[in-house]
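Asker: The structure under discussion is supplied below as structure tokens; questions concerning it will follow.
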Amino acid sequence: MSKRPNLGYTLPIQKMPMPTQKPNTKRTTTSIIAAVSLALSLFITPCANAAKQLAFEVLKTLPHNSTTFTQGLLVAGDQLIESSGLYGKSFIASYNKETGEQTYKIPLPKRVFAEGLTRIDDTLYLLTWKENKLLRFNATTREALTPLNYEGEGWGLTHTDNLFLMTDGSEHLYLRSQKDFRVLKKVKVHDQNKTYRFLNELEYAQGHLWLNVWQTNQILRVNYHTGEVTGILDLTSLQKQNGGNPKQAVLNGIAYDPEHNAYWVTGKYWPKRYLINISTPATH
């Protein structure tokens, strides 16, 4: 906790006659405790609220390329665009979101380890793990555009109306400029119990930021202004349908589909992808 607050005034001291009888120390102590509690309540900022446990319903199950090391996932019209990582194997591919048929593939240089991606208008933006480059492509022609530079690792990427939102595997969420990718603000992702590390792939939709936590079966719902976790979605049941929990086959990838008002989720090397509806269970 920080230092005690300066109240900005001093209490006047007034001489009082000596008591003629022994004071009621129990009553005096109770009064002091009540006064201190009131003063503290005026100056202490409340902690984050407890995150709500979210529920989901599977609306559709479709095949997913089980050789894909899924890093980023997004929906663009009738297409599902996905980035796949690893040195010498990284690529961006687009699939018909209903049939799974591949419509194009952008192979990446062997020195590039692809990470999260997002699309703004007709430009695709792709993070790289340790190459310090934000790669850019024309989404129609797939032509490579001039990349932007940044420091540190790249993990997950999405955007709001005027910001990029990025993770680097730490506990921080970075708010970046869409003009030059500079960091405008960073916040710690937390709830009242803990700070979350290994923040990975993410999606901004319907006023919420959704965020995968690496090596877990959790997706967090986050207030990106404050970093507060407002909901936790546990997809362990889907993980078990995709080979249990081998070291690499982890949950990763969430993309909002406005046509269905639902979310596509999958994982690294998963043979399936799922369209799910996310809800807050009623409390009784």
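The values are calculated or read from the model by the stated rules, or taken from the named source; none is laboratory data. Being a predicted model, the structure only gives us computed values, none of them experimental. Here Cβ is always computed from backbone atoms with ideal geometry, including for glycine, and neighbour counts include all displayed protein chains.
Asker: Kindly check whether there is at least one residue in the range 142-150 that is within 18 Å of ASN252 (Cβ to Cβ) and surrounded by 14 or more Cβ atoms within 10 Å (Cβ to Cβ).
Answerer: Here is the first cut: in the range 142-150, the residues within 18 Å of ASN252 (Cβ to Cβ) are none.
Among the residues of the range 142-150, not one is within 18 Å of ASN252 (Cβ to Cβ) and surrounded by 14 or more Cβ atoms within 10 Å (Cβ to Cβ), which makes the answer no.
Asker: Continuing with this model, one more query. Residue by residue through the range 84-100, note down the ones that are out of contact with any Asp or Glu (no Cβ under 7 Å at 6 or more places or on another chain) and in a strand (DSSP E or B).
Answerer: Of everything in the range 84-100, those that are out of contact with any Asp or Glu (no Cβ under 7 Å at 6 or more places or on another chain) and in a strand (DSSP E or B) turn out to be SER84, PHE91, ILE92, SER94.
Asker: For the range 66-83, what are the residues that are under 18 Å from LYS268 (Cα atoms), of a type in the set (A, V, I, L, M, F, W, C) and assigned to a strand (DSSP E or B)? Talk me through it step by step, then tell me what you get.
Answerer: Let us first name the residues in the range 66-83 that are under 18 Å from LYS268 (Cα atoms), namely 66-75, 80-83.
Right, trim to of a type in the set (A, V, I, L, M, F, W, C) and you get 69, 73-75, 80-81.
Within the range 66-83, LEU73, LEU74, VAL75, LEU80, ILE81 meet the criteria.
Asker: Still on this structure, please answer the following. Give the residues of the range 67-122 that are of a type in the set (Phe, Trp, Tyr) and farther than 27 Å from TYR150 by Cα, sorted by residue number.
Answerer: Filtering the range 67-122 for residues of a type in the set (Phe, Trp, Tyr) gives 69, 87, 91, 95, 104, 113.
Residues satisfying the conditions are TYR95, TYR104.
Asker: Could you tell me which numbered condition TYR269 fails, if it satisfies all but one of (1) surrounded by 19 or more Cβ atoms within 10 Å (Cβ to Cβ); (2) within 19 Å of the chain's Cα centre (by Cα); (3) closer than 30 Å to LEU148 by Cα?
Answerer: Failing condition for TYR269: (2).
Asker: Counting only residues that are within 18 Å of ALA255 (Cβ to Cβ) and in contact (Cβ under 8 Å) with a residue 24 or more places away in the chain, how many does the range 119-139 have?
Answerer: Residues meeting the conditions: 8.
Asker: Could you pull out the residue among LYS97, LYS105 that is more than 25 Å from ASP180 (Cβ to Cβ) and surrounded by 20 or more Cβ atoms within 10 Å (Cβ to Cβ)? Steps first, please.
Answerer: Working: LYS105 fails: surrounded by 20 or more Cβ atoms within 10 Å (Cβ to Cβ).
After applying the criteria, what remains is LYS97.
Asker: In addition: Take the residues in the range 58-111 that are charged (D, E, K, R) and in contact with a strand residue (DSSP E or B) (Cβ under 8 Å, 6 or more places away or on another chain), then tell me which one is nearest to ILE254 (Cα to Cα). So that I can check it myself, show each step before the final result.
Answerer: So in the range 58-111, the residues charged (D, E, K, R) come out as 60, 78, 82, 89, 97-98, 101, 105, 110-111.
Within this subset, residues satisfying the condition of being in contact with a strand residue (DSSP E or B) (Cβ under 8 Å, 6 or more places away or on another chain) are 60, 78, 82, 97-98, 101, 105.
On the way: LYS60: 14, ASP78: 16, GLU82: 10, LYS97: 13, GLU98: 16, GLU101: 19, LYS105: 20 Å.
Ranking the candidates gives GLU82 first.
Asker: Restricting attention to the range 108-125, report how many residues are among the acidic types (Asp, Glu) and crowded, with 21+ Cβ neighbours inside 10 Å. Before the answer, list the steps.
Answerer: At the first step, the residues of the range 108-125 found to be among the acidic types (Asp, Glu) are 115, 121-122.
Restricting the remaining residues to those that are crowded, with 21+ Cβ neighbours inside 10 Å gives 115.
Summing the residues that are among the acidic types (Asp, Glu) and crowded, with 21+ Cβ neighbours inside 10 Å in the range 108-125 gives 1.
Asker: Also, quick follow-up: Residues that are in contact with a Ser or Thr (Cβ under 8 Å, 6 or more places away or on another chain): find the strands (runs of 3 or more DSSP E) completely inside the range 103-197 holding 2 or more of those. Reasoning before the result, please.
Answerer: Numbers: elements: 114-120, 123-128, 133-138, 144-149, 157-159, 163-167, 172-177, 183-188.
By residue number, 114-120, 123-128, 133-138, 157-159, 163-167, 172-177, 183-188.
Yes or no, residue by residue, for (1) closer than 30 Å to THR61 by Cβ; (2) within 22 Å of the chain's Cα centre (by Cα):
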| position | (1), (2) |
| --- | --- |
| TYR104 | yes, no |
| GLY116 | yes, yes |
| ARG142 | yes, no |
| LEU157 | yes, yes |
| ASP161 | no, yes |
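Asker: Still on this structure: Just to be sure, is LEU251 touching a Leu at 6+ places or on another chain (Cβ under 9 Å), at negative phi, surrounded by 14 or more Cβ atoms within 10 Å (Cβ to Cβ) and modelled with pLDDT under 95? Full working, then the answer.
Answerer: Numbers: touching a Leu at 6+ places or on another chain (Cβ under 9 Å): yes; at negative phi: yes; surrounded by 14 or more Cβ atoms within 10 Å (Cβ to Cβ): yes; modelled with pLDDT under 95: yes.
The answer is yes for LEU251.
Asker: Tally time: how many residues in the range 55-79 are under 20 Å from the mean Cα position of the chain (by Cα), closer than 14 Å to TYR263 by Cα and not aromatic (Phe, Trp, Tyr)? Give the derivation first.
Answerer: Step one: list which residues in the range 55-79 are under 20 Å from the mean Cα position of the chain (by Cα), which gives 55-56, 69-75.
Subsequent filtering for residues that are closer than 14 Å to TYR263 by Cα retains 55-56, 72-75.
Those still in the list that are not aromatic (Phe, Trp, Tyr) too: 55, 72-75.
Qualifying residue count, the range 55-79: 5.
Asker: While we're looking at this one, here's another question. So if I check each of ASP257, ASP191, ASP234, which one is more than 17 Å from the chain's Cα centre (by Cα) and either surrounded by fewer than 23 Cβ atoms within 10 Å (Cβ to Cβ) or modelled with pLDDT of 95 or more (or both)? Steps first, please.
Answerer: Numbers: ASP191 fails: more than 17 Å from the chain's Cα centre (by Cα); ASP234 fails: more than 17 Å from the chain's Cα centre (by Cα).
None of the others qualify; the one that does is ASP257.
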